[in-house]
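Here's the structure we're looking at; comments come further down.
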């Protein structure tokens, strides 16, 4: 007769709430969140490309939208998100070569990702305003 | 059946006998491959967008439709569509555990990325060929 056996007690991996929050964890979460934001942000890029291809009227509409305060904020968010995700990706590519995995290196890379993406976004927008003077 | 000491499969896994999914590291590899491609392409696309700032429609059409710019944009949107399809797939597989919901979302993910890629490709080609 078959006997009912208790299920094997397998080790389960501890989850987020067990650990002290570290900057590597925060950057890892941000990498995923920025990735998802960019996923939906591409719809904006495609909308813009299709508008350019559709003609001057459609293009004028999309340029007007991007020129509003909300449009500018979305663009600012999109550019920061793209740069942050790209630098986060570089970090992952460095880790793929088995470098930068020691605690100090990880901490440094996490900070470099944040400082680098904020700095590059600022530089990009200063250049943008210098070229266009507020006109898209 | 004798259980081999090096057999990593769980009893359930052995009973099901599905074997390997036969894709191995393909997902990981293409995620990395597209990310490496997207680094220089993103820089190029940002430069193109900066170059378009403040220009009128005719100038934007001319620049986006010129061969080097159009090819760069095509490489960018295709690599990005594939990269984001792979990325969102992982997110769905990580968080959605109901099979019906998961498959619906995975199908939706593929459709969305194909629509994004083909719409962008169509727009860029239209600008290039001026139809």
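Readers should treat all values here as calculations from the given coordinates under stated rules, not as data from a laboratory. Please read all numbers here as calculations on a predicted model, not as lab measurements. Ideal geometry is used to build each Cβ from the backbone, glycine not excepted, and the neighbour counts take in all protein chains shown.
Based only on other Cβ atoms within 10 Å, what is the fewest-to-most ordering of B:112, B:122?
B:122, B:112
For segment A:1-72, the alpha carbon convex hull comes to 199 Å³ per residue, rounded to a whole number.
Placing R0 at 51 angstrom, the Cβ-Cβ distance between residue A:108 and residue B:16 gives a FRET efficiency of 0.70 after rounding to 0.05. Does segment B:28-87 come out rounded, prolate or oblate by the C-alpha gyration tensor, with a ≥ b ≥ c the root eigenvalues, rounded set by a/c under 1.5 and, if not, prolate when a/b is larger than b/c and oblate if not? The shape class here is prolate. Using the Cβ-Cβ distance between residue A:25 and residue B:63 with R0 set to 30 Å, the FRET efficiency works out to roughly 0.10.
Just so you know, the Rg over Rh for chain A is 1.20, from Cα atoms, with Rh as the Kirkwood radius. Note on residue B:26 and residue A:115: the model spin-label points, each 7 Å out from Cα along the C-beta direction, lie 4.3 nm apart. Exposure proxy ranking for A:97, A:113, A:81, based on other Cβ atoms within 10 angstrom of each Cβ and starting from the fewest, stands as A:97, A:81, A:113. Taking a ≥ b ≥ c as the square roots of the eigenvalues of the Cα gyration tensor, the protein assembly as shown is classed as prolate, since a/c reaches at least 1.5 and a/b is larger than b/c. For chain B, a Kirkwood radius taken over Cα pairs fed into Stokes-Einstein (10 °C, viscosity 1.306 mPa s) yields D = 88 µm²/s.
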